1. When the residues of the stretch 75-85 are filtered to those that are at pLDDT 95 or above and surrounded by 14 or more Cβ atoms within 10 Å (Cβ to Cβ), which remaining residue is farthest from Leu19 (Cα to Cα)?
2. What about Lys67, is it surrounded by 11 or more Cβ atoms within 10 Å (Cβ to Cβ), in contact (Cβ under 8 Å) with a residue 40 or more places away in the chain and not β-branched (Val, Ile, Thr)?
3. What's the total number of residues in the stretch 43-55 that are in contact with a helix residue (DSSP H, G or I) (Cβ under 7 Å, 6 or more places away or on another chain) and surrounded by fewer than 18 Cβ atoms within 10 Å (Cβ to Cβ)?
4. Would you be able to say whether some residue in the stretch 50-68 is modelled with pLDDT of 95 or more, polar (S, T, N, Q) and under 14 Å from the mean Cα position of the chain (by Cα)?
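The values are calculated or read from the model by the stated rules, or taken from the named source; none is laboratory data. Model, not experiment: these values are computed from the prediction. A quick note on method: Cβ atoms are made from the backbone with ideal geometry, for glycine too, and the neighbour counts reach across all protein chains shown.
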Amino acid sequence: MSEMPQLIRLERNATDMELTYQGDNKFTVTYDDLRHACPCAKCSPLRNEDESSKSLRRQIESMAAEKPKVRTIGKYALAFDWTHGCSSGIYRFERIWALANNQDPDGGKPYVHGAW
C-alpha cells in the first residue's frame with residue numbers, strides 16, 4: 001500500500017464529513033460508517049460477529065442524525081464527540097483513511113482485549 005497522504009481539511013456536514021487529503025484527493029465518510037467503526041473497547045468487539053455487528057449498525061442508524069464535535073489527539077488521531085452514543089473512540093488517521101477508501105479499518109482482525 002502506498003503512503004497515506006496528509007489530511008489537510010475535514011468539513012462536517014449534516015450526515016457526513018468531507019475529507020481533503022494532500023494532492024486534493026477528496027472523500028466522504030458518513031457518520032453512521034464512522035460510528036460503526038468506533039475503535040473503543042466497547043464497540044470493537046461488537047463487530048467480531050455478524051449478528052452483533054448488524055445489531056450495532058441498526059442501533060446507530062436508529063439514532064437521530066447529528067454533527068459531532070471533533071478534537072485532535074496529539075498528531076496521530078481524531079476523536080468525535082456525540083450528544084448520543086459512544087464518544088470513547090480514538091480514530092488514528094490511518095483508520096480514517098481506510099474508511100475514506102472503503103476498506104476494513106480493522107484489517108480483518110477481530111478485537112482482542114489486553115496487551116497487543
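1. Residue satisfying both the conditions and the ranking: Trp82.
2. Against the criterion (surrounded by 11 or more Cβ atoms within 10 Å (Cβ to Cβ), in contact (Cβ under 8 Å) with a residue 40 or more places away in the chain and not β-branched (Val, Ile, Thr)), Lys67 qualifies.
3. Result for the stretch 43-55: 2.
4. Within the stretch 50-68 (the criterion being modelled with pLDDT of 95 or more, polar (S, T, N, Q) and under 14 Å from the mean Cα position of the chain (by Cα)), the answer is no, since none of the residues qualifies.
So that you can scan it fast, the table gives a plain yes or no per residue for (1) touching a Leu at 6+ places or on another chain (Cβ under 7 Å); (2) buried (at least 18 other Cβ atoms within 10 Å of the Cβ); (3) within 23 Å of Glu3 (Cα to Cα):
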position	(1), (2), (3)
Ala14	no, no, no
Gly23	no, no, yes
Thr28	no, no, yes
Asp32	no, no, no
His36	yes, yes, no
Ala41	no, no, no
Ile60	no, yes, no
